[in-house]
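Undergrad: Quick one: this structure, given as structure tokens, is what I'll be asking you about.
The values are calculated or read from the model by the stated rules, or taken from the named source; none is laboratory data. Fair warning: this is a prediction, and the values are worked out from it, not measured in the lab. Neighbour counts are summed over all protein chains in view; Cβ atoms, including those assigned to glycine, are modelled from backbone coordinates with ideal geometry. Accessible surface is based on the protein model in full, side chains and every heavy atom, while ligands, DNA and RNA are left aside. Shrake-Rupley method; radii C 1.70, N 1.55, O 1.52, S 1.80 Å.
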Amino acid sequence: MAENNNPNIEELHASDNYQLVKTLKHSEIVDFVMQQLKQLRRPMLFFYGFTLVLFLIIVWITLVNFINPVISWGSYWLFLLYGIVAGMVLVIPVHEALHGLAYWLAGAKRVKYGMDLRQMVFYASAPGFVADKHAFTVIAFLPFIIINLFFGTGIVF
């Protein structure tokens with residue numbers, strides 16, 4: 001676990017070296033994330049590009065199976081349904097656990113997990129933990145990297 005040398009929340013508010021840019025309630029996080037996803041910065045372009053490649057792989061597998069059937073269409077749709085259910089039941093908890101691991105590695109003392117089923121939002125948070133840009137990037141992208149490496153390796157083999 002990394003030592004957190006970042007200022008705490010009280011030090012941030014008391015110092016003239018920092019400026020409060022945004023305060024969010026949990027209920028506002030979805031809207032904030034959606035706004036960030038619309039901004040085409042390098043990490044988001046990478047994310048969208050990678051997602052497009054994965055989507056094109058699925059389309060390619062579908063077309064190949066259409067031209068030269070390897071499995072029956074019933075099996076194809078059943079496996080697709082299994083994948084969707086597995087994504088919701090297995091991948092979401094692993095995804096949030098990886099966010100929690102990244103928080104812990106960045107030096108957070110406490111990680112909290114929660115969900116808002118009305119908005120279909122699941123989250124890991126570290127109350128009172130101040131993350132610098134590097135830690136925030138790792139916290140944000142660790143699940144994306146690990147999960148996609150796992151499934152990418154599965155697709156190859």
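Undergrad: Taking 1 over the mean of 1/r across every pair of different Cα atoms in the stretch 41-80, what Kirkwood radius in Å do you get?
TA: Evaluated over the stretch 41-80, this radius sits at 11.5 Å.
Undergrad: Would you kindly state how much longer the chain becomes between residue 76 and residue 148 on full extension, computed as 0.36 nm times their sequence separation minus their alpha carbon distance, in nm to one decimal?
TA: Contour length minus Cα-Cα distance gives 23.8 nm.
Undergrad: Quick one: what does P(r) look like for the stretch 61-134 with 10 Å bins over all Cα pairs, in whole %?
TA: 17, 31, 21, 17, 12, 2
Undergrad: Divide the volume of the convex hull of the Cα atoms of the chain by its number of residues and quote the answer in cubic angstrom per residue.
TA: Cα convex hull per residue, to the nearest whole number: 144 Å³.
Undergrad: Which whole-number percent gives the relative contact order of the chain, counting Cα pairs below 8 Å spaced six or more residues apart?
TA: 30
Undergrad: What number do you get for the stretch 23-97 when its Cα radius of gyration is normalised by 2.2 N^0.38 Å, N = residues?
TA: Relative to the 2.2 N^0.38 Å estimate, the stretch 23-97 comes out at 1.52.
Undergrad: Could you pull out every one of the aspartates and glutamates with an alpha carbon less than 19 Å from that of residue 22, ignoring same-chain neighbours closer than 8 positions?
TA: In chain and number order, the partners are 10, 11, 31, 132.
Undergrad: Which residues make up the longest stretch of the chain clear of trypsin sites (Lys or Arg not before Pro) that lie in a DSSP loop with no more than 13 other Cβ atoms within 10 Å, not counting the sites?
TA: 42-108
Undergrad: Let me ask something else about it. Could you give the Stokes-Einstein D for the stretch 2-47 in µm² per second, using the C-alpha Kirkwood radius, 20 °C, 1.002 mPa s?
TA: This corresponds to a translational diffusion coefficient of 159 µm²/s.
Undergrad: Report the gain in length on full extension from residue 12 to residue 84: 0.36 nm times residue separation, minus Cα-Cα distance, nm rounded to one decimal.
TA: 21.7 nm
Undergrad: Taking all protein chains in place and a 1.4 Å probe, what share, in percent, of the accessible surface of the stretch 38-90 do carbon and sulfur account for?
TA: Reported share for carbon and sulfur atoms: 81 percent.
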